[in-house]
Amino acid sequence: MNRWLAGLAGAVIAAVIGFLLVGEGGLLNPKPEPKGAEVRITAFNGPDYSSVGEVPVRAFSVYNAGDAAAEQCNIFWNLWGPDTSSADSVLSEEFGLPPGETTDITITADAAYGTQALWDESASVFCSANDYHSPILTRPVNTYAQGG
């Protein structure tokens with residue numbers, strides 16, 4: 001009887017030690033560190049060419065690649081022409097995004113293209129509740145004279 005009881009106790013102890021080593025959060029299988037919110041602009045859509053006098057509109061797709069909800073987020077869209085006096089900065093409406101989700105946001109500039117030139121624009125996401133700022137994306141837009 002003692003051998004049988006010792007064998008059973010040994011099996012239970014071995015199972016517990018094995019679980020502590022390889023179970024989730026165990027010595028050989030640690031839990032990954034949480035990433036928090038990681039909102040990325042996955043699409044920055046608009047024409048490559050626009051006419052002078054046209055008010056720019058951009059469609060953005062954003063994705064939360066993190067493991068926490070992103071809260072109190074805005075897209076900052078900056079648009080500038082050949083001189084900084086023609087710059088425009090626009091802030092999207094505030095949004096939130098659960099982990100693994102995508103949303104689409106459209107932003108309209110405050111002013112029209114004023115000159116025929118090569119304009120540049122950039123966009124990034126800032127989530128104030130998560131203290132998160134995404135990488136900045138940039139792209140050129142070429143404007144032409146109306147009727148051209």
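The values are calculated or read from the model by the stated rules, or taken from the named source; none is laboratory data. No experiment lies behind these values; they were computed from the predicted model shown. As a convention, Cβ positions derive from the backbone with ideal geometry for all residues, glycine included, and neighbour counts pool all protein chains shown.
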Checklist entry - Just one of the numbered conditions (1) of a type in the set (Lys, Arg); (2) modelled with pLDDT of 85 or more; (3) part of a helix (DSSP H, G or I) is not true of ARG3; which one? => result (2)
Next on the checklist: Considering only the stretch 39-48, I want to know if a residue exists there that is charged (D, E, K, R) and either touching a residue at least 40 places away in the same chain (Cβ under 8 Å) or touching a strand residue (DSSP E or B) at 6+ places or on another chain (Cβ under 7 Å) (or both).
Outcome noted: yes
Item to check | Those residues of the stretch 44-67 which are in a strand (DSSP E or B), more than 8 Å from the chain's Cα centre (by Cα) and farther than 13 Å from TRP77 by Cβ, in sequence order | outcome: TYR49, SER50, SER51, SER61
Checklist entry - Quick check, is ALA70 closer than 30 Å to ASN142 by Cβ, among the hydrophobic types (A, V, I, L, M, F, W, C) and surrounded by 15 or more Cβ atoms within 10 Å (Cβ to Cβ)? => result no
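Is at least one residue of the stretch 100-107 modelled with pLDDT of 90 or more and on the phi > 0 side of the Ramachandran plot?
First, pick out the residues of the stretch 100-107 that are modelled with pLDDT of 90 or more: 100-107.
If we keep only those that are on the phi > 0 side of the Ramachandran plot as well, we get 100.
Yes: one or more hits.
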Next on the checklist: outside any loop (DSSP other than H, G, I, E, B) and assigned by TED's automatic domain parsing to the domain that holds PRO56: which single residue out of ASP110, ASP104 fits that description?
Outcome noted: ASP104
